[in-house]
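Below is one structure; the comments refer to it alone.
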Amino acid sequence: MKYKAKCEIQLEGKPSDSVLVMPEPEKLCIPLESTRFLFESVEVKEGQSVQPGQVLARDLNNYSVPLLAPRAGKVKLGEVENHIVLDEITQQEEEPYDHREDEAHIPKEMGSIGLKRYKLLALGAWQFVYDAHSFKLPDPFGTPRAVIVSTVNLEPYTARGEVQLQKRLANFTRGLEHLQSLLEYQPIYLVMPDINSEFSRKLQDSVRGYAWVKPIQIAPKYPSDNFAVMARQLGFNKEEDNPVWAMRTEAILAIDRALTLSKPSTVRIISFGGPMVKKPVHLKAMPGYPLKDILADRIESGPVRIIDGGVLTGAMVSDQQKGLTAECNGLTVLAEHSDREFLSFVRPGFDRQSYGKCYMSALRGAFKERLNTALRGEKRPCVACGFCEEVCPAGIMPYMIHKTLYSGELEDVEQMRVDLCVGCGMCSFVCPSKIDLRGEFVKAQEDIERELHAQEVQA
Ligand code: SF4
Ligand code: SF4
């Protein structure tokens, strides 16, 4: 696959390197749903007192990955729909994990590696691991072809590895050693930002002598940090059986805490950015931290749209969601545009960037755009400009797939290799008609899996 990142994304509101430690909340509102997980099997009762690290619920369709209590508190199940509320919060040390009861779940032939992998699952560290191609949770007892560990996050407004590692480089290095102890012979690719930067030099020094770590540098343009893009660049194609495991900085820190201290990671560093945030920073907070307490006095007045994650791949936070999800790595806040901007896309536009140089801003040179949610005009059809194809790192033809989705069969869409889409969102970003191509393709992949391939298995 040839990587074709041509678009420079410059936006206002990038989180600074500072980390704001959020005060202890009075209560936590922990959503039972996050990007990949649905914690349907609730294991606590109304009014029950729980300890930090205790299992609140599990996702039975994802290797029973647990939702853990970040703090001690009293459970309230009915207070907020689809959330577990923890009231009367107190900060206590977690009891070290005791895995004796869990050994029955571990394949015998895996020995100590199996025990360690199960421990990661039980202590919540496994939830940070991805199958690089499908972005799903891989089997904790499976055999990977290789592991990609990325300290780089290029998507605008997401938590950056060098900030998460400011005081924890030693923990990160030890986490890598633990990771290596879970493997047999598979290489670990360590993805670094600009290899000549100070952070990169420190990182390289910390893994010097580890022959099993292969440092690599990627192009500093989004979406070169996308797991599927990196796996393909390294020569690991999707078609082969064993997955490539992929994870970011927070996963290695969670692995270190789980295997060094036998404790879960209940607090993490996430980003808090976007043009509507007064002082974009990184935040130290735990799942369930009330969104209203994070936003209070920290955002500009006016209607806003909150996104869980980065601006290109994140999901809009609904009014029903009250706290940080278990997987959240950043919150992005944009101005919500409710006014219709009639034929706005043909106005001169000194303040807006366009991949197609169709606004007067093309004369300004590089500048940071104050992004908002406006579509800039009416909903409009594809104008066949081809920009989406130019920027697509997967080498597919987004506009053709978009048209086929409306006029053809799912089999036709599959033949156009929508499965190669890595969900980076670049096509939607550059599209002058502001079509949600990424959203369409993610859904098409799910439909193909469910309607075509699930039928094959049944037949
Ligand atoms: S189709 Fe769009 S979302 Fe998918 S890989 Fe290409 S640019 Fe990214
Ligand atoms: S970028 Fe948008 S308008 Fe242009 S070809 Fe692709 S889908 Fe059509």
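Checking the condition surrounded by fewer than 22 Cβ atoms within 10 Å (Cβ to Cβ), under 17 Å from the mean Cα position of the chain (by Cα) and either basic (Lys, Arg) or over 30 Å from LYS14 (Cβ atoms) (or both), which residue from LYS108, LYS116, LYS136 passes?
Answer to the selection: LYS136.
Filter segment 396-410 for residues that are modelled with pLDDT of 90 or more and either open to solvent by 30 Å² or more (accessible area, probe 1.4 Å) or in a helix (DSSP H, G or I) (or both) and give the result.
MET397, PRO398, TYR399, MET400, ILE401, HIS402, LYS403, THR404, LEU405 - these are the residues of segment 396-410 that are modelled with pLDDT of 90 or more and either open to solvent by 30 Å² or more (accessible area, probe 1.4 Å) or in a helix (DSSP H, G or I) (or both).
To keep it simple, each residue is scored yes or no on (1) within 16 Å of ligand 2 (Cβ to nearest atom); (2) among the acidic types (Asp, Glu); (3) farther than 30 Å from GLU451 by Cβ; (4) modelled with pLDDT of 90 or more.
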residue	(1), (2), (3), (4)
VAL346	yes, no, yes, no
ASP351	no, yes, yes, no
LYS357	yes, no, yes, no
ALA366	no, no, yes, no
ASN372	no, no, yes, no
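What are the residue pairs meeting all of these: first residue in segment 108-123, first residue in contact (Cβ under 8 Å) with a residue 12 or more places away in the chain and not assigned by TED's automatic domain parsing to the domain that holds LEU68, second residue in a helix (DSSP H, G or I) and of a type in the set (A, V, I, L, M, F, W, C), Cβ atoms under 7 Å, and 6 or more apart or on different chains?
Close Cβ pairs (under 7 Å, with a partner that is in a helix (DSSP H, G or I) and of a type in the set (A, V, I, L, M, F, W, C)) amount to LYS116/LEU259; LYS119/ALA258; LYS119/LEU259; LEU120/TRP126; LEU120/ILE255; LEU120/ALA258; LEU123/ALA258.
Taking strands (runs of 3 or more DSSP E) that do not extend beyond segment 182-264, which have at least 2 residues that are closer than 22 Å to ALA125 by Cα and in the same structural domain as ASP131 (by TED's automatic domain parsing)?
188-192, 244-248
Could you grab the pairs with beta carbons closer than 8 Å, sequence gap of 6+ or different chains, first residue in segment 142-168 and of a type in the set (Lys, Arg), second one part of a strand (DSSP E or B)?
Partner pairs satisfying both residue conditions: ARG145/VAL244; ARG160/SER271; ARG160/HIS282.
Output the residues belonging to segment 401-426 that are hydrophobic (A, V, I, L, M, F, W, C) and within 16 Å of ligand 2 (Cβ to nearest atom).
ILE401, LEU405, VAL413, MET416, VAL418, CYS421, CYS424, MET426
Can you name the residue in segment 415-439 that is surrounded by 18 or more Cβ atoms within 10 Å (Cβ to Cβ) and charged (D, E, K, R) and, of all such residues, is nearest to ligand 1 (Cβ to nearest atom)?
ARG438
I'm checking my understanding of the structure. Among residues of segment 382-397 that are touching a Cys at 6+ places or on another chain (Cβ under 7 Å) and farther than 15 Å from MET416 by Cβ, which one is nearest to ligand 2 (Cβ to nearest atom)?
Step by step, filter segment 382-397, then rank; the result is PHE387.
What number of residues within segment 235-266 are in contact with a strand residue (DSSP E or B) (Cβ under 8 Å, 6 or more places away or on another chain) and surrounded by fewer than 16 Cβ atoms within 10 Å (Cβ to Cβ)?
Of the residues in that region, 0 qualify.
The values are calculated or read from the model by the stated rules, or taken from the named source; none is laboratory data. Everything quoted here is computed from the prediction, not taken from an experiment. Every residue, glycine as well, gets a Cβ built from its backbone with ideal geometry; the counts of neighbours run over all protein chains shown. To get the accessible areas, we keep the full protein, side chains included, count just its heavy atoms, and leave off ligands, DNA and RNA. Shrake-Rupley method; radii C 1.70, N 1.55, O 1.52, S 1.80 Å.
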